[in-house]
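A short reminder: the numbers here are calculations on the coordinates, not readings from a lab. All figures in this text were calculated on a predicted structure; none of them were measured in a lab. Note that we place each Cβ from the backbone using ideal geometry, even for glycine, and neighbour counts take in every protein chain shown.
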Amino acid sequence: MDTEGESYVFTTCVAKKRKLSVENDSVETDHKLAKIDIPSVGASTTLQNEETSIELPITRSSDAPKDPVCYFDLLSDDVLLILLLYLNSTDLYHLSLCNRRMNIICRDRSLWYRVNVICNGRSPSHISMRPYFNDSTSYVQLSKTILDPSNDLNEPTEDICFDYKFLNCLKHLPYLKTFILENHSLDATVLDLKYLPESITELRLMKTTLLNLNNRQNGVFHNVHSILPNLEIVDVSFCQWLHPQILFSLSKCPKMKALIMMGCRSMRDIIPYASIASMFGYSSLETLDMRLTYVGDSEIGCFNKIKNLKHIFLEKPEDVQPGDENESITDICTTNLGMRNWRPEVAENNVYICSIPVEGGDFIEDTLETLVVRNYPRITNITLKHAEKCLKSLKYLDVTGTNCTPEQIAIFKNHRPEVILLHDDFAA
């Protein structure tokens, strides 16, 4: 043996074929020695004998994988279903294209209760996912990521993400409750509420842009009270295609509880529509959100006639000029909240044409629980004093960015500790 390096000697036994015999025959063996010199780590070792020469790679024990490899496709169906619940609908769609087994599993009904499709330049269109919807689907959200934030939505390009066939497939979802459309630009003739099922209770068209709106005879919400009789929540935030007449259409919805019109810059001069709509409609409205929208004291005063109104959210738009009183909220607006407002009541008379309205009769109780008036400089301590004494049901008040003084804020907190008050930080 070689004494210079570490070596091992292996004995190779070559056995001859044994003859059939009743006697104990011995087996002749031919001993051949094979010597392996193990060099430094990382090299290769050669196994040599008279007939062959074999290269044996030398590996460290630490190089071998410690954990066994687990393939995703080897998991059971039950385990896969649990893992797939954490994926959105777009990822489920891509995964279903891998093989036949994944296609079957990804179509399971439990994975499509809530459909959340995020569309971008590389995502499939919404039309491709129509076969995945089923009778149990109750939530559909179609969102599009904005790749270029500098792109102005007022100059959109048509986005062919879905057509009337896609909306028509929603008509056959009997348990669909929520439909959300966000960051889409589409033809106004395609978006028609008649394709939605009557089971819809929540409709959100956020940051959408409609093209060819002039080619449409009626508005998007025309006759919405009969098409969607169960509608409770409408969110049209940052939609610049709205017009004041929409207040008429939505006021007829008997179950309307929340109207969100945040950032709707086109909603101006709404007093004629808001006054009539709030007087004869919105019987169930509880939440009004008009933040970053051009409204003033008179517009909000119209909604003060609603009996069940509990939550009002207001915030001044950034581009409102200080001298523009028609588009600013002042103490005049807030001090009218919670006061008893009367509705005109017609006195009975034998001659109907001579009937005259009589003040009083239908008084509104204080039901306001949330009041947000942010960044209005003409909101002062008068608002805090009125909220302290008159708004007995108030639970949340936000006067951030107003001219309320620290002294009056401290008094309000002392007298109404149960109210959550948000205000500016006056610490030096």
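Working value for region 270-322: equivalent-ellipsoid semi-axes of 21, 13, 7 Å, each the square root of 5 times a Cα gyration tensor eigenvalue, largest first. The charge dipole of region 168-250, taken about its Cα centre with unit charges on the Cβ atoms of Lys, Arg (+1), Asp and Glu (-1) only, comes to about 100 debye.
Radius of gyration over Kirkwood radius for region 205-258, both on Cα atoms: the Rg/Rh ratio is 0.95. Amide H to amide H distances under 5 Å link MET256 with SER284, where only residues 5 or more positions off or on other chains count and H is placed in the peptide plane.
The peptide list 187-197, 256-266, put in order of mean Cβ contacts within 10 Å with the highest first, becomes 256-266, 187-197. Number of Lys-Lys pairs in region 180-333 with C-alpha atoms under 27 Å apart and a separation of 8 or more places or on different chains: 21.
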